[in-house]
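Structure first, then comments.
A short reminder: the numbers here are calculations on the coordinates, not readings from a lab. A quick note: this is a predicted structure, and the numbers were derived from the prediction, not measured. Glycine also receives a Cβ, built like all others from the backbone with ideal geometry; neighbour counts cover every protein chain displayed.
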Amino acid sequence: MTFNPSPFEKYNFKNQQIYIKRDDLLHIDFSGNKARKFHWFLNQEFTNIKRVISFGSNQSNAMYSLSVMAQLRGWEFIYFCDHIPHFLKENPIGNYKYALQNGMQILESKNRKDDAYLYTSKNDLIIEEGGRQKEAEFGVKILAEELIKDIQNEGITNPYIYLPSGTGTTALYLQKHLPFRVFTCSCVGSDEYLKEQWKMVEDDESIFPIILSSPKKYHYGKLDKELYALWSELKSDMGITFDLMYDPVGWKKFLLHVKQINGTPIFIHQGGVKGNESMLERYKRKYGII
Ligand SMILES: *Cc1c(COP(=O)(O)O)cnc(C)c1O
């Protein structure tokens, strides 16, 4: 399976010129960067594999993308998560709902990682939470190659890349395969935690991306009116729907630093918009925002 290169577009936001790599448009059934991270698994010949096993949160973009992959490859998909709220079971929504429709079997467990590994036998493929593993390099390298071509075609002389991180795997492998700087920020846990995650897959610290931080700490998945307002502004100004888990935090931290960085920014839109359904529902319930 191959993907056509995703579009590369020029925008203006708050008087800042910015190019956006539309990996959200890479494939209708995958969240952009998960398609990159799982590309290797989509192409590999697996003669004995019958099931894929993974673990993580109950609304994860990776979970949904794995359900698509399992369906494409005719595998069973078993997923371990901590806890599924009663409300969600009764009213399936977002990634949880669509992954179930694709045949995911979900199991609740207090030690999701340990239990997933205990459950795994030799004809199973196990995927780390959020796809944080070396195999992700294959697809992210293809993204890097597309970016090099996009930048040449547009004649951008002093580019830099920016993208918000979860596990940081996408940012790390982009930096490994690009001849210019990659900036990122942490959206899950602290900046130190992001570095710890890089160390789990890569020894060479010289290729670690640069982390943009903020005085304010954001908690992953927490509702925040300011973030929602920024997300809406991005949507109305540029006509682009961003993801609600990573992108508003990503843009907030970017806007704090952009004036101090020399060069032309390129933002990677990593998809995840399918997951907005459940976030929007939560915003609606909490604040009455639609
Ligand atoms: C998974 C995901 C990320 C984080 O990717 P990492 O490689 O784990 O850093 C960022 N944005 C979106 C929309 C995602 O789905």
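Estimated from helical segments only, the mean residue ellipticity of the chain at 222 nm is -12500 deg cm²/dmol, where each DSSP H run of four or more residues counts as -39500 (n - 2.57). Restricting the range 7-71 to trypsin sites (Lys or Arg not before Pro) that sit in a DSSP loop and have at most 14 other Cβ atoms within 10 Å of their own Cβ leaves LYS14, LYS50.
Using the empirical formula 2.2 N^0.38 Å as the baseline, the Cα radius of gyration of the chain reaches a ratio of 0.98.
Distance from the C-alpha centroid of the range 224-247 to that of the range 130-157: 24 Å, rounded to the whole angstrom.
Scanning residues 5 or more positions from TYR162 or on other chains, those with amide H under 5 Å from its amide H are PHE183, ILE266, PHE267, ILE268, with H placed 1.01 Å from N in the peptide plane.
Computed extension length for ILE93-GLU145: 15.2 nm, one decimal, from 0.36 nm per residue of separation with the Cα-Cα distance subtracted.
From least to most packed, judged by other beta carbons within 10 angstrom and beginning with the fewest, LYS141, LYS134 follow the order LYS134, LYS141.
Karplus-derived 3J(HN,Hα) values for the range 4-11, using 6.51 cos²θ - 1.76 cosθ + 1.60 with θ = phi - 60°, are 6, x, 7, x, 10, 10, 9, 9 Hz; glycine and proline are entered as x.
The loop-placed trypsin sites (Lys or Arg not before Pro) in the range 187-216, going by DSSP, that have at most 12 neighbouring Cβ atoms within 10 Å of their Cβ come out as LYS216. Our coupling estimate for the range 173-178, obtained by passing each phi through the Karplus curve with A = 6.51, B = -1.76, C = 1.60 and θ = phi - 60°, is 6, 5, 4, 4, 10, 10 Hz, Gly and Pro reported as x. Backbone phi angles across the range 106-114, fed through the Karplus curve with coefficients 6.51, -1.76 and 1.60 (θ = phi - 60°), yield HN-Hα couplings of 10, 10, 8, 7, 6, 10, 4, 5, 4 Hz in residue order; Gly and Pro are listed as x.
What are the chymotrypsin sites (Phe, Trp or Tyr not before Pro) within the range 29-81 that DSSP puts in a loop, where the Cβ has at most 16 other Cβ atoms within 10 Å? Don't skip to the answer; put the middle values down first.
On the way: sites: PHE30, PHE38, TRP40, PHE41, PHE46, PHE55, TYR64, TRP75, PHE77, TYR79, PHE80; in loops: PHE30, PHE38, PHE46, TRP75.
Answer in residue order: PHE46.
With a simple spin-label model that places each label point 7 Å from the Cα along the Cα-to-Cβ direction, the separation between ASN158 and LYS14 comes to 2.1 nm.
Listed here are the pairs LYS97/LYS284; LYS113/LYS284; LYS34/LYS113; LYS110/LYS286; LYS14/LYS235; which of them are more than 21 Å apart at the Cα? From the list (LYS97/LYS284; LYS113/LYS284; LYS34/LYS113; LYS110/LYS286; LYS14/LYS235), the Cα-Cα distance tops 21 Å for LYS113/LYS284; LYS110/LYS286. For the chain, the longest principal axis of the alpha carbon atoms and the long axis of helix 136-154 meet at an angle near 30°.
Going by amide H atoms built from the backbone, whose H comes under 5 Å of the H on PHE80, apart from near neighbours? Close amide H contacts, sequence-distant or interchain: SER54, PHE55, GLY56, LEU107.
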